[in-house]
Amino acid sequence: MSTPATASVSTHILDTSIGRPAAAVTVRLAARSGRDAPWTALGGSATDADGRCKDLPALPAGTTHVRLDFETEAYFDGRKQAEAQPDAPRAGGGGAFFPEVVITFAVTPGEHYHVPLLLNPFGYSVYRGS
């Protein structure tokens, strides 16, 4: 049985302030082949109605570090317009307090990394899922 030469990555986002998946969040993926190597943009996707990003690009052989960039500002702007809650707390200037969330992590060839993002307007948390 052979071991895959590359790692793989998946993610999903849960908006913990409403207890629902965060749909239509753009997620960009980048990789590098060593601590001092430059980042290579691999492309991206957007979360589906279940908050999952099922079609992230494959990682190239030799990847040691991965970066996921979640564009959260457009998501929260759209959610505010949809909910129109006049008494809801606002981030500085009315936009998202965290306009983007960037998560960088190390990978080992042959492993799968599921990295969920738990998100709310004023904070976030990530972990290695399964």
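How about the stretch 94-119: which of its residues are of a type in the set (A, V, I, L, M, F, W, C) and in a strand (DSSP E or B)? The answer is 101, 102, 103, 105, 106, 117, 118, 119. Here residue 9 does not fit the description of being under 21 Å from residue 96 (Cα atoms) and in contact with a strand residue (DSSP E or B) (Cβ under 9 Å, 6 or more places away or on another chain). Applying the condition of being surrounded by 14 or more Cβ atoms within 10 Å (Cβ to Cβ) and hydroxyl-bearing (Ser, Thr, Tyr) to the stretch 99-130 and asking which residue is nearest to residue 73 (Cα to Cα) yields 124. Within the span defined as the stretch 33-52, one or more residues are touching a Gly at 6+ places or on another chain (Cβ under 6 Å) and surrounded by 13 or more Cβ atoms within 10 Å (Cβ to Cβ).
Residues that are among the aromatic types (Phe, Trp, Tyr) and either surrounded by fewer than 18 Cβ atoms within 10 Å (Cβ to Cβ) or out of contact with any Phe, Trp or Tyr (no Cβ under 9 Å at 6 or more places or on another chain) (or both) occur in the stretch 57-78; there is at least one.
Can you name every residue in the stretch 38-68 that is without any contact (Cβ under 8 Å) to a residue 24 or more places away in the chain and part of a loop (DSSP other than H, G, I, E, B)? Selection gives 38, 55.
Read-outs: derived from the displayed coordinates by stated rules, not from any lab. Given the structure is predicted, the values throughout are model-derived calculations rather than measurements. So basically every Cβ, Gly included, is an ideal-geometry build from the backbone, and we count neighbours across all protein chains shown.
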